[in-house]
1. With unit charges on the beta carbons (Lys and Arg positive, Asp and Glu negative) and the dipole taken about the Cα centre of the chain, which residue among L46, V97, Q79 sits farthest to the positive side?
2. How high is the FRET efficiency between Q123 and V62 when r is their beta carbon distance and R₀ equals 25 Å, given to the nearest 0.05?
3. Using label points projected 7 Å from each Cα along Cα→Cβ, tell me how many nm separate Q142 and D110, to one decimal.
4. Test of understanding: in a Gaussian network model of the chain with alpha carbons linked when under 10 Å, which of S29, S133, S84 would top the mean-square fluctuation ranking?
5. Students often check this: by mean Cβ neighbours within 10 Å, which of 98-105, 42-49 ranks highest, and how do the rest follow?
6. Which one, V62, T22, Y138, projects farthest toward the positive side of the charge dipole computed for region 2-157 from Cβ point charges (K/R +1, D/E -1)?
7. If you average the alpha carbon positions of region 90-158 and of region 17-57, how far apart do those two centres end up, in angstrom?
8. For the chain, what is the mean residue ellipticity at 222 nm derived from helices alone (per DSSP H run of n ≥ 4: -39500 (n - 2.57); sum divided by total residues; nearest 500 deg cm²/dmol)?
Amino acid sequence: MRGARTLLSLALVTSPALIGQTLSAHEYSERCANYYAREYGISPELVRAVIQVESGWQPGIVSPKGALGLMQLMPGTAQQFGVSRPFWIHENVRGGVAYLARLNSLFHGDLRLVMAAYAVGEQPIRARGLAYSSPEVYSYVQRVAGQYRAELRRKVRR
């Protein structure tokens, strides 16, 4: 039932003035990001920052490590969060935001740990926390933080 309710809810976020108009993939992706961020209690700006860093808003991208779609979900993570079609924008974003919400809860809102765990998985970060040392993870967390700040500034300018 949640799937049908979700599709209906996504349809409702489209203004009646836009009926009959076609949304670009990027516009649809942003609407999904905003919708699922609200549904899961995650900052929409953080979700947009993750998508920008992970995929540059390219829904069909596959990483060299096998991560899929906008939020670059690994197949096991996608399966864990009920994403059976990881290239479908709404499924990928829902699964990615649900995963962010889980990590946010697990790491009590510490975005450094949340983003580190999003990058390498929760087990290494649960085991070592901020003592986990990897130049790639540090760089990733910094890129997401920078993009998040940019998204917050963009929100203020609107």
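Each value in this text was obtained by applying a stated rule to the coordinates, not by laboratory testing. Worth saying up front: this structure is predicted, and the values here are computed from it rather than measured. Every residue, glycine as well, gets a Cβ built from its backbone with ideal geometry; the counts of neighbours run over all protein chains shown.
1. Final value for the positive-end residue is L46.
2. 0.60
3. Between Q142 and D110, the label points sit 2.0 nm apart.
4. S133
5. 42-49, 98-105
6. Y138
7. 17 Å
8. So the helix-based figure for the chain works out to -20500 deg cm²/dmol.
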